[in-house]
Amino acid sequence: LKFGSALSESPHPDIMSSEGNGKALGTSGDGLECAEVDEVQGGHEMTKEEFFGIFRTEQGAIREDLKAVSASSGDEVNQALDALLLRVQALEDSFTRAAHLLPPYDVQKYGGALKELASEIAVRREELAPRGKFSFKRRAPVAGGAEKVAGTEAAAVVSSSTASPSPQAVTGQVYEDLQGQSIACASGDLAGEDVTLRRLEGCRIVLLDRVGALHCHELRRCEIIVGAVGSSALLYSCSDCVLTLATKQLRLHDSDNMLLHLHTLSGPVVEHCKRIAFAPYDLSYASVQEHMSAASLGTASAERSAPWADVQDFNWHKRQASPNWCILPEEHRRPRAEVADAKAAAAAAPMPPACADLDRCTVLWQAVEAPPKQALPGAAERSPPPAAPAPARAAAVAAPDRLDSDDEF
């Protein structure tokens, strides 16, 4: 995804595009273009002070350009506002890459600023190009009277970003509003395009290819397999899903009861989430190394010292481990996921997917979240004091009743 401004040249080349491959915003007289820059600027890693300056400058530029959007034809207004949304999305990707540099307070502050920008654009759109009132329309009958069977490949729901009514401007392939369907893409079908999954329930998505960025919104009880994501994976309001993917950065918002088999180049970020389990990326298919190399993702590792296990919970600021996530212990992990054919894997029974791995996680979460047993009234007076533990078992006796979230069960 190559971001740029249709209204003015972006004031900072340091705001990166969502491809995460060192391309920055920029414009030319012929339209949008991207200029090559290094993620390490001037031979050193960006400091948080440099990021603050870049963020505030682009934030101000977006607001100035938003004021400059005037009432004209609806198409022109929507195009201008869509371009501003793309810049906000690019700014969010830059924020995600720099999040490890920032204190928790600043993460909250700048995350809120991004939401405010998107909200301001939405308000401006309603002022200048309000949508027509909603009404029901009868669907035209399907040619030949044929009905699509649940569990078959849902290619008909793929749409381009120009036709999407979503308030968030998107590009690439969009799969939305599906229930009990399967989607399969083999090597070369996507070839670096961005993918958006929105409002899916009981679906299985198998993308054995390299994609640009991955955006997931409101997924319920789904299995998602993605070979290699060349940029960021951003997930919002998802629950009861199992995902397998390799990506440069992962950010998970407002989600519950998720299992991620993951490879990343930086620590995953969770925000307003609970019951999130992480395991190492374990996907094997014919072109996996080719796609990982093309996406500059390096080699996946199962070690606890690898970035996939360095989870950052932006809503947990105590010194103790966050209770909202855990590393899935090895004895509860599935066998290595070997996929020979994307279409066969996507259509495999059962449909909707059973998510058995997630069910095992649920049992573990229930055990961890169970309240401690309460002593009967007066039990302390009736029971003799406990004997001192033997030296060899002292450490075991001192162990806490409730496991920390980044301890293995």
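Each Cα pair under 8 Å and six or more residues apart adds its separation to the average, and for region 265-347 the resulting relative contact order is 49 percent. Take the solvent-accessible surface of the protein heavy atoms, probe 1.4 Å, and return the percent of it on region 179-289 that carbon and sulfur atoms account for. The C+S portion of the solvent-accessible surface of region 179-289 is 43 percent.
Taking a ≥ b ≥ c as the square roots of the eigenvalues of the Cα gyration tensor, an a/c ratio of 1.5 or more together with a/b no larger than b/c marks region 57-102 as oblate. Ranked from largest to smallest solvent-accessible area, with a 1.4 Å probe on the protein heavy atoms, R221, R87, R333 come out as R221, R333, R87.
With a 1.4 Å probe rolled over the protein heavy atoms of all chains, the accessible area of H217, H272 falls in the order H272, H217, largest first. The relative contact order of region 201-242 comes to 45 percent, based on Cα pairs under 8 Å that sit 6 or more residues apart. Judged by the ratio a/c of the largest to the smallest principal axis of the C-alpha gyration tensor, region 168-236 counts as oblate, that ratio being 1.5 or greater while a/b is no larger than b/c.
Kirkwood's formula applied to the C-alpha pairs of region 207-268 gives a hydrodynamic radius of 11.4 angstrom. State which entries of K67/K248; K115/K343; K274/K343; K109/K248 exceed 28 angstrom in Cα-Cα distance in the structure shown. As for pairs spanning more than 28 Å Cα to Cα, those are K67/K248; K115/K343; K274/K343.
The values are calculated or read from the model by the stated rules, or taken from the named source; none is laboratory data. Remember, predicted model here, so these are calculated numbers, not experimental data. Only protein heavy atoms, including side chains, enter the accessible area calculation; ligands, DNA and RNA are left aside. Shrake-Rupley method; radii C 1.70, N 1.55, O 1.52, S 1.80 Å.
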